[in-house]
Amino acid sequence: MCGIIGYAGLEEAAPILLDGLERLEYRGYDSAGVAIFTKGGSLLRVRAAGRLTNLHARVLEQLKAGADLHGEVGIGHTRWATHGEPTEENAHPHRSANGKYMVVHNGIIENHAALRKRLQEDGVVFASQTDTEVIAQLLESNDTGDALETMRRTLPQLEGSYAAAILYNQTPDTIYCVRRQSPLLIAMNETGVFLASDSAALLPHSRQIYRLEDGETAMLKAAQTRFYDGAGTEIAKTAIEIARHVTTADRGGYQHFMRKEIDEQPLAVHRTIAPLLHQGTVDLGEAEAVLRNFEDINRVLFLGCGSAYHVGMAGRVVVEEMTGIPAGAELASEFRGFAASIDPRTLVIIVSQSGETADTLMALRLANERGARTLSIVNVEGSSIASESGSVIYTKAGLEVAVATTKAYSTQLAVVYAVAARLAALRGCEQYRLRPFIHALHTLPERLDETLQSTQASAIAWAEEIHEREHAYFIGRNLDYVGAMEGALKLKEISYLHAEAYAAGELKHGTISLIEQGTPVVAVCLRRETAAKTASNVEEVFARGARVFCIAAKPEAKAQTIVIHPTHPLLVTSLAVIPAQLLAYHTAFLRKCDIDKPRSLAKSVTVE
Ligand code: M6R
């Protein structure tokens, strides 16, 4: 959510900043801007509302008009609006009234209103509605002539979360930065020093990444970077090496990243599970550490948000059925109210593609505080969640660019199955149950591939039928309910068609009153233990005029059916999502939506 980039070095900053913003744009795209210390000695800012292409156009305009954009130190930002509309005035960088400080910021300053009021009473005139401008104005009002000292005085006055990069007009060779709860990373190479909110923007320059921890600040110059702890004492930091290169953001001939990423799922799942499967057994590698004294674990709890929560919902069913250990799933954003029962005997499994989702990170911290064993399933190496978890298993989805998750979701599910199999083996699960489960996991990539091939045409036909409707319902039971939830989320987030998922048995308890002639209802009936009951619910909605679409193991009389060859009953969630993703994609396509960058969303949600 929002992207920060910065550079201080020997090369022209503007192209480096614009390239970095391009790599970060999928995290927020309401507006963008850069600020550069020019060779002519001024601090120049260019901003534009809307997509990054608008900023590119604005930079070109400025150059044509003779602006001096040449300089080797600068910062940039791409915004996901929280405070204030996505206008140019609200775009970062934000400048203090007398132009001494320029700030880009991720996160939320929770006491911004009180600070703004106080500053206004002191005569400060604000130019934007953002919480970020408060930081710039406060820095200027506390200015001591030494930016680091000014930061030390100012930061304790800020409540909330922030990662910020700051330029001070008295030190045109320096970027100052600070982190509290929102991620900020630093990398160096022979040309200079780079900072970014996300490793995707740093990896083209270096694989050695320094993570700022909460409360730390840094001072970045071409030839020298200094790190300080919260008390202002200089500290030494060690870089972490990011082992694998993030896949490049290349559409590879596809019209949209999402469609490409849907097709990448079999390979991504294969890459993820292959290192965990060994001749019919599962070995979690370094993450085995979390299972030490396994017999003490008396509960497994999955935490995540959005699609990652859906993965946890599936995990809850699979773990409990395979191991008999009580398992649960909670929305990480709601976890504060549920943490009381967590203790050292709880295995908390955190699911997050980005590894930076603020709600999930806070839930992880609560679980750590309560002494739980924590294992995270994360796609981004070196991310905050990966770093703060007891153990981590990386999904190998590669860079996922489309905001709607597809391949990351599928790889997360695959890791959850592997963890369930490992826990089951430790619990002494009988081989006649374990072997077919691990075999099904082994062949999952092929099953995904078959499902992709066989469901595409029907998904397009379904999209033709529903794309002009206003509402759709998804129903299913147990693991199929998870498939319904993910299907509904995919459809609404990219096509803006209102879609809701219901546990199929719950419809008759209220929601069925919304079913009328022609209402689209997508029923997921893959799990054989519950399919017959869901089929009855299909009859009920059909009787009330619904247009029913079924994702099922055999054709349904009252519905258009996408037939999917059954896999292991505990792995059906992985197959159900394929036609649901394709339906969402083609519906959004027909509705002419911006599929990869749906309105109001961001890839990484780093505010609570
Ligand atoms: O990066 P995370 O996996 O922690 O993100 C969690 C959710 O924000 C994410 O799954 C979101 O729901 C997606 N847009 C769904 O497609």
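The values are calculated or read from the model by the stated rules, or taken from the named source; none is laboratory data. What you are looking at is a predicted structure, and each value in this text was computed from that prediction instead of being measured. Methodologically, a virtual Cβ is constructed for each residue, glycine included, from the backbone with ideal geometry; neighbour enumeration extends over all protein chains shown.
Values as computed for the structure displayed
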read-out	value
Complete set of residues in the range 286-308 that are touching a strand residue (DSSP E or B) at 6+ places or on another chain (Cβ under 6 Å) and not in a helix (DSSP H, G or I)	Ile297, Arg299, Val300, Leu301, Phe302, Leu303, Gly304
Candidates Arg259, Arg316, Arg299, filtered to the one that is surrounded by fewer than 18 Cβ atoms within 10 Å (Cβ to Cβ) and either within 16 Å of the ligand (Cβ to nearest atom) or in the same structural domain as Asp359 (by TED's automatic domain parsing) (or both)	Arg299
Any hit, the range 459-467, residues being closer than 30 Å to Ala588 by Cα and either without any contact (Cβ under 8 Å) to a residue 40 or more places away in the chain or not in a helix (DSSP H, G or I) (or both)	yes
Total residues in the range 475-489, condition within 16 Å of the ligand (Cβ to nearest atom) and touching a Leu at 6+ places or on another chain (Cβ under 8 Å)	2
Any hit, the range 441-448, residues being acidic (Asp, Glu) and touching a helix residue (DSSP H, G or I) at 6+ places or on another chain (Cβ under 6 Å)	no
Selection count where residues are within 17 Å of Glu465 (Cβ to Cβ) and touching a helix residue (DSSP H, G or I) at 6+ places or on another chain (Cβ under 6 Å), scope the range 524-555	3
Residue list for the range 132-182, filter: of a type in the set (Gly, Ala, Ser) and assigned to a loop (DSSP other than H, G, I, E, B)	Gly145, Ser182
Where a residue in the range 301-314 is under 20 Å from Lys492 (Cβ atoms) and its partner, wherever it lies, is of a type in the set (D, E, K, R) and crowded, with 24+ Cβ neighbours inside 10 Å, with Cβ under 7 Å and at least six apart	Ser307/Glu486; His310/Glu486
Selected residue [within 13 Å of the ligand (Cβ to nearest atom) and touching a strand residue (DSSP E or B) at 6+ places or on another chain (Cβ under 6 Å)] from Val392, Val311	Val311
Odd one out for Tyr7 among (1) in contact with a helix residue (DSSP H, G or I) (Cβ under 8 Å, 6 or more places away or on another chain); (2) surrounded by fewer than 16 Cβ atoms within 10 Å (Cβ to Cβ)	(2)
Test: residue in the range 83-96 that is in contact with a Pro (Cβ under 8 Å, 6 or more places away or on another chain) and aliphatic (A, V, I, L, M)	no
Gly328 within 14 Å of the ligand (Cβ to nearest atom) and in the same structural domain as Glu381 (by TED's automatic domain parsing)	no
Selected residue (only one of Leu347, Leu413 is of a type in the set (A, V, I, L, M), in contact (Cβ under 8 Å) with a residue 12 or more places away in the chain and within 14 Å of the ligand (Cβ to nearest atom))	Leu413
Some residue of the range 591-605 being surrounded by fewer than 23 Cβ atoms within 10 Å (Cβ to Cβ), of a type outside the set (Ser, Thr, Tyr), touching a residue at least 40 places away in the same chain (Cβ under 8 Å) and away from the ligand (no atom under 15 Å from the Cβ)	yes
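Rundown of residues vs (1) surrounded by 20 or more Cβ atoms within 10 Å (Cβ to Cβ); (2) basic (Lys, Arg), yes/no style:
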| site | (1), (2) |
| --- | --- |
| Arg47 | yes, yes |
| His56 | no, no |
| Leu63 | no, no |
| Gly84 | no, no |
| Val103 | yes, no |
| Ala114 | no, no |
| Asp122 | no, no |
